[in-house]
Amino acid sequence: MSGHEADRSQSAVQDQRQRGVDVDPTAEVVRDAIAKNGRGRAERERLSREKSGVSRLRERFGRVAEKRFSAYFRAKGERFDELRDVIDQARFETTADEYLARATLTVLIAALLGAVVGAGIGAAVIGPVGAAVGAVLATTAGAGVTAAAGYWYPHLRANQRRQQIDRQLPDAVMAMYSLSQGGMELPEIVKWVGESDEIGDEVSVEFQMIVNEMETFGADLQTAIRETRDATPSADLRELLDDMDSSLRSEQDILPFLAERTERFNRRMEEQTDDYLESINNLAETFIGVVVVGGTVVVGLLTIIDVNTVGGNIPAAIGAIYYVVLPIVGVAAIATARYRSPFTPLRRGSTFDLPDPDVTSEGVGEALEAAEDELTPLEVKGLEQLRDGLQAEERQSIRGRIRKRFERHPESTLFASVPIVGVYLAALTLTGVVNPRPAGFQSAPMVTTVAAVVVPVATLVSPITMFKRRRQQFHEEIESQLPGVLDRLARITESGETLGGAIETVARKDGNRLEEELEGVRREIQFSTSLGVALKRMSNRVQNSRITRAVRILVESNTASGYVDEVIQNIYATVQRVAEGRRRRRSEMAPHVRGLILGFSVYLIISAFMLAFLLPNVEMIATVDAQAEAAGVGAGSTTTDLSADTYRVLLFHGAIVQSVVYGGLAGELLHGDAFRGGGLTLAGLVASVVLFGVI
């Protein structure tokens, strides 16, 4: 536990006592034990800072580049000023001149490798002349592509940061306004935003630049604001910092300015939500009309054409639609919906560094044995409970820890499922159980497709869908309960009650999930934990970004002044606005998701009709005509060389591709997360297997 954390913890306990809450010394004894026996954190941090071999190689590469080329770019001065500004806005870890030097060395290495590879390929294919031509072409291509990448990457990164800052800025301004109402001064508010990733990681980076200007270079607040304003890629943040600078110069109260800016951003967010929902409605309608309905119609027409013609390559065209066009269009639609979304995705909140992050049952036991004679029975009981709880946690199985990891990071299931699928496919191929090649799909379409396609896809999708659904349902439950809890806290504190007293009133053992968490806060306060630490522990348990953000603001405001009623009202207004936006999104997107399901169902019905009635009859007629022609009867009556098995494979694979694409798009439309559509994908796979297996 750092000295700063210890001072904050002690001041919180003293503040708690001053507000009339009974405090016994158990928590202080526990904190002392933790301070003496907690170990490992500093060592882990030291090890994490040690450079890996890749980092050392990167540093050596950077030193060589800077030694050779940095002086050149510094000497050119104004020639590269525009690119320097973009590099500064991208916020790389290197300076602009260092980046340009490294990019130049990378281009030269790419040119050299291109010359060697091009000469080798040219010599092997053509001969000596080919070696020269290949070297020139490959050198030009390698240098050109690398130079273009080095030039445009800072632009792309700066543009990405601009979008993220614009999206995160309303929450940051609301937090600044709340903290200002809670009694914090502007320099402390700026520092707080710079340290709070929950407000927005890119916004925090920009405000941390202000802090660095003050702490590292000794600039005053106004100078630091101006320096950061000139280097930020966001026009909205630039305008905000410019107005802050004007307010400071005119010595105006910052509170009315932040109040007005908060209201402006709230209106802008409502307008952005309206624009986004309108555009996403248009996107969904276009996708359903053109891709879902239009694709089915085109496939049907191509099939009819194939029925009535001999030759041609209609199956290849249908295969191109399913294997190439549909995935590309689907990914583009999902990316467009995500790119334009003004909603902050549901995500885990960062954890607070509390006084007891690394305490072990062994350490608490040693502290208990060493000081047992000096402790009261209540203190002994508290330490024994802490030791027993830590022992239970340390006995947790490896499987339990893996499950917790998957629940917190559902995407990490891919680290397990992808190798499993790879081994499974390799085993299928080597043992010859199925032949996952075109000939195998043609000879045994159902068995090969189910074994080589459906099972791997389901193996990849199922775990990530399950854990993603469980995690997001938890976050959605918490965020749906947060406005009601904040509303009650605001009304109670408005009457003059302290934050601790309001929490004690709202907390309920048999209430909703958030009220039960507040009940845990109330119990910790009764056992002498400070209010701030108890709230932070609750945030660490819940690990929701909005809860973490609210806790940070409430703890800081409560520590600064104790007046939190208006702060809670501001947090409530923001949470309510976000919740309303999510509700509107789901209500307006639900009909489009039903349209996707209906379109897929129609596709399955049409496929069933063609496979059960149309294609077999046409194939039978073609066979009879061919036999008659061979016998010299009815020559020339054959109308098609169509194969029903080929279409069975194409239509089955089309259903699988549609299941994956439509499920991902449905998840993105409803929840802003394509993985949340995994349930629809699995349902589509099951329906496809059942239908094509029966026919």
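Every number in this text was worked out from the coordinates using simple rules, so none of it is lab data. Since we're looking at a predicted model, the values are computed, not measured. With ideal geometry, Cβ positions are generated from the backbone for all residues, glycine too; neighbour counts draw on all protein chains shown.
Overall, the anisotropy analysis places region 168-266 in the rounded class: the square-rooted eigenvalues a ≥ b ≥ c of its C-alpha gyration tensor yield a/c less than 1.5.
A Förster distance of 45 Å, applied to the separation of the beta-carbon atoms of Ser443 and Ala235, puts the FRET efficiency at 0.15.
Here the relative contact order of region 439-579, from alpha carbon pairs under 8 Å that lie six or more residues apart, stands at 24 percent.
Annotation: amide H-H contacts under 5 Å for Gly672 (H modelled 1.01 Å from N, sequence separation of 5 or more, or interchain): none.
Were the residues from Ala683 through Arg594 laid out at 0.36 nm apart, the gain over their Cα-Cα distance would be 30.7 nm. The mean sequence separation of alpha-carbon pairs under 8 Å and at least six residues apart, normalised by the residue count of region 168-266, gives a relative contact order of 29 percent. Put in line by how crowded their Cβ is, counting other Cβ atoms within 10 Å and starting with the fewest, Thr140, Thr449 read Thr140, Thr449. Extension gain, Ala148-Ile402: 0.36 nm per intervening residue step, less the Cα-Cα distance, totals 87.2 nm. Calculated FRET efficiency, Asn282 to Leu302, Cβ-Cβ distance, R0 = 35 Å: about 0.80 to the nearest 0.05. Maximal additional length on extending the Glu59-Asn266 stretch stands at 70.0 nm, based on 0.36 nm per residue less the C-alpha distance. Among Leu105, Leu301, Leu651, Leu241, sorting on how many other beta-carbon atoms sit within 10 Å of each Cβ, with the fewest leading, yields Leu301, Leu105, Leu241, Leu651.
Here the contact order of region 53-162, divided by its residue count and restricted to Cα pairs under 8 Å and six or more residues apart, works out to 26 percent.
Restricting the calculation to Cα atoms, every distinct pair contributes to the Kirkwood radius of region 156-217, found to be 11.9 Å.
Note that region 376-387 has calculated 3J(HN,Hα) couplings of 7, x, 5, 5, 4, 4, x, 5, 5, 5, 5, 4 Hz, one per residue in order, obtained from phi through the Karplus relation 6.51 cos²θ - 1.76 cosθ + 1.60 (θ = phi - 60°); glycine and proline are x. Once both labels are positioned 7 Å from their Cα atoms along Cα-to-Cβ, the gap between Ile126 and Ile254 label points is 6.7 nm.
The residue list Ala115, Ala65, Phe80 was ranked by how far each Cα lies along the charge dipole of region 53-162 toward its positive end, using unit charges on Cβ atoms, and Ala65 comes out on top.
Here the alpha carbons of region 53-162 define both size measures, Rg and Dmax, at 16.7, 51 Å. Using Cβ point charges alone (K and R +1, D and E -1), the dipole size of region 53-162 about the Cα centre works out to roughly 280 debye. Arranged from fewest to most other beta-carbon atoms within 10 Å of their beta carbon, Ile420, Ile464 become Ile420, Ile464. As a calculated quantity, the FRET efficiency between Arg491 and Phe80 at R0 = 41 Å, using C-beta atoms, amounts to about 0.10. Evaluating kT/(6 pi eta Rh) at 37 °C and 0.692 mPa s, with the Kirkwood radius of region 237-307 over Cα pairs in the Stokes-Einstein relation, gives 198 µm² s⁻¹.
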